[in-house]
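So the structure is just underneath, and the comments pick up after that.
The values are calculated or read from the model by the stated rules, or taken from the named source; none is laboratory data. This one's a predicted model, so the numbers in the text were calculated from it and none came from an experiment. Cβ: placed from backbone, ideal geometry, glycine included. Neighbour counts: every protein chain shown.
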Amino acid sequence: MRQGFWGIKEVILSLGVLFSAVSFQALAEQAGKKPNIVHIVADDLGWKDVGFNGCTDIKTPNMDKLALGGAKFSQFYVQPMCTPTRAALMTGRYPFRYGLQTMVIPGTAGYGLDTSEWLMPQCLKEAGYSTAIIGKWHLGHADLKFWPKQRGFDYAYGATIGELDYYTHGDAGVLDWFRDNKPVHEEGYTTTLIGDDAVKYINGQSTDKPFYLYLAFNAPHTPYLAPKEVIEKYAHVPDPTRRTYCAMVDSLDENIGKVVAALDKKGLRDNTLIIFHSDNGGTRDAMFAGQMADVSKIKIPCDNGPYRGGKGQLFEGGCLVVAFANWPGRIKSQTVDGIVHAVDIYPTLASLAGASVAKCKPLDGVNVWDTIAENKPSPRTEVIYNIEPFRGAVRQGDWKLIWRTLIPTSVDLYNLAEDPYEANNVAAAHPDKVAAMQERINTLGRESAKALALQYLAGVGLKHGKPVIASEDGQPQALIGSSGHSITDEGFGNIEAEAERQ
């Protein structure tokens, strides 16, 4: 009996060891499993327009929970405008490398992101990922070769251009709302439609295959529109435009919450990395507010907190943006102070996914995973804010130089460790530092591609068309008679007139 008893005990102990080994192996496999990635980008969101950065009049509980439960970035940089930032994300390369450094792609333009660039969705697909973009693209729309479905995304839903009406889903009477390249006519507020489609996408994913979801909301970009019932939640906000803007950010937060809930319900949350940031700082200058909204009679509602400037500008308010990353059990809850730039997202995600970047052109981005997850010092010590023919800006360590080359030229030098809000220009006191950083900008300028936006604008501006000439009495423009050929009174420049003169 005693021998039998000990035999049973040994069996039980053996089974316990076996089960422990199996459990440990399961945990190890889970730890080594490729993560799902939900990459959320807001549009023109102010740095201080979220609760976790100190906002008091907008409720953002879902974003607050993710930010405070993960890595809240204090130095997350992007480019100063929409198209350049989105290009940097997709390529891992600064946009001056391929001509997208200036402005955004206008709705009337035919150019787009160079098709020779190997984009992040293409890279992740080769590593076994399903890829989707839900929301705003803005990297080329006039030719299908530039569209996301042709650039590595298995699934694409949303808008191609930079600005659209939240309810009609278009601009100037032209629909800009597509699913897998096919136009979609549907009712609804774009923020809600994007959130609902993201939930549907997540619900349809297999737990056996990882996915990359680029979730690019157009909120809270102009025009300032929001559902009436959400605006009513902010009746206490005195300024009417700020009230609507609050509702737009509230709707953004609500739909991010829906996405997180879908991940939880599907059992995917523990193996999903969520990254969130804005594409540039909040708008502070009417010049950069977009073409669909007349902001001349309103107070622009975005708040970048203590940071100087906003969208379109090289000051911190234009390029230092609200951002966080969250992955339960893999990212510590803390404020991450290391520098991270939009170009770093590509190589960081590729590394996490076990994807090769061999097909990429030389990357400007670096792998910052240890900085994100552990708050270790960032390998990035330099930030290129932008390189354009008429201006450039670079940060090296704590020093930042902004150089405007158009007459009248100007040079700003700031020590961001001592003066993060760029109040004191110390260029005159540090001529050697200015000269060295100007040389760096010149070197990058020699490497840069011609700005496609400037080429486009030059073509439009110099295109021959009917001149718009004022009339003293308010009458319609005087027209040349049908017999006239000449483009000048003397006939110079007209082939027929020149022939008659000889």
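Given the criterion surrounded by fewer than 17 Cβ atoms within 10 Å (Cβ to Cβ) and at pLDDT 95 or above, identify the matching residue among Asn415, Asn367.
Asn415
For segment 419-428, indicate whether the set of residues that are farther than 14 Å from His341 by Cβ, of a type in the set (Asp, Glu) and in contact (Cβ under 8 Å) with a residue 60 or more places away in the chain is non-empty.
Checked against the condition, which is being farther than 14 Å from His341 by Cβ, of a type in the set (Asp, Glu) and in contact (Cβ under 8 Å) with a residue 60 or more places away in the chain, segment 419-428 yields at least one hit.
Show me the helices (runs of 4 or more DSSP H) found entirely inside segment 207-320 where at least 2 residues are under 17 Å from the mean Cα position of the chain (by Cα).
Correct list: 240-266, 316-319.
Considering each of Gln101, Gln122, Gln75 in turn, give the residue that is of a type in the set (S, T, N, Q), buried (at least 24 other Cβ atoms within 10 Å of the Cβ) and in the same structural domain as Ile231 (by TED's automatic domain parsing).
After ruling out the rest, the residue left standing is Gln101.
Just wondering, is there one or more residues in segment 56-63 that are assigned to a helix (DSSP H, G or I), over 30 Å from Pro121 (Cβ atoms), modelled with pLDDT of 50 or more and β-branched (Val, Ile, Thr)?
No, that holds for no residue.
Take the conditions modelled with pLDDT under 95 and not β-branched (Val, Ile, Thr) and apply them to Ser206. Does it pass?
yes
Out of the residues in segment 183-205 meeting the condition of being farther than 24 Å from Ile231 by Cβ and touching a residue at least 40 places away in the same chain (Cβ under 8 Å), tell me which one is surrounded by the fewest Cβ atoms within 10 Å (Cβ to Cβ).
Asn203
In the list Ala423, Ala417, which residue meets the criterion of being touching an Asp or Glu at 6+ places or on another chain (Cβ under 6 Å) and not assigned by TED's automatic domain parsing to the domain that holds Gly309?
Ala417
Any residue that is in contact with a Leu (Cβ under 8 Å, 6 or more places away or on another chain), of a type in the set (Gly, Ala, Ser) and over 21 Å from Leu113 (Cα atoms) - is there at least one of those in segment 343-359? Before the answer, list the steps.
Pass one, segment 343-359, residues in contact with a Leu (Cβ under 8 Å, 6 or more places away or on another chain): 343, 345-347, 349-350, 352-353, 355, 357.
Applying the additional criterion that residues be of a type in the set (Gly, Ala, Ser) yields 350, 353, 355.
Checking which are over 21 Å from Leu113 (Cα atoms) leaves us with 353, 355.
Yes; the residues of segment 343-359 include at least one that is in contact with a Leu (Cβ under 8 Å, 6 or more places away or on another chain), of a type in the set (Gly, Ala, Ser) and over 21 Å from Leu113 (Cα atoms).
Give, as residue ranges, the helices (runs of 4 or more DSSP H) completely inside segment 357-471 that count at least 3 residues that are more than 23 Å from the chain's Cα centre (by Cα). Full working, then the answer.
Working: elements: 369-374, 431-447, 452-461.
Answer list for segment 357-471: 431-447, 452-461.
Exactly one of (1) among the aliphatic types (A, V, I, L, M); (2) closer than 16 Å to Leu100 by Cα; (3) part of a helix (DSSP H, G or I) is unmet by Ala142. Its number?
Among (1) among the aliphatic types (A, V, I, L, M); (2) closer than 16 Å to Leu100 by Cα; (3) part of a helix (DSSP H, G or I), the lone unmet condition for Ala142 is (3).
If only one of His141, His39 is buried (at least 19 other Cβ atoms within 10 Å of the Cβ), in contact (Cβ under 8 Å) with a residue 24 or more places away in the chain and over 28 Å from Val336 (Cβ atoms), which one is it?
Result: His141 is the single residue among His141, His39 that is buried (at least 19 other Cβ atoms within 10 Å of the Cβ), in contact (Cβ under 8 Å) with a residue 24 or more places away in the chain and over 28 Å from Val336 (Cβ atoms).
Taking the condition surrounded by 21 or more Cβ atoms within 10 Å (Cβ to Cβ), at negative phi, modelled with pLDDT under 95 and not small (Gly, Ala, Ser), does Phe276 pass?
Considered against the rule, which asks whether it is surrounded by 21 or more Cβ atoms within 10 Å (Cβ to Cβ), at negative phi, modelled with pLDDT under 95 and not small (Gly, Ala, Ser), Phe276 comes out as no.
Checking Ala109 against (1) surrounded by 24 or more Cβ atoms within 10 Å (Cβ to Cβ); (2) in a loop (DSSP other than H, G, I, E, B): exactly one of these is not met. Which one?
It fails just one condition, (1).
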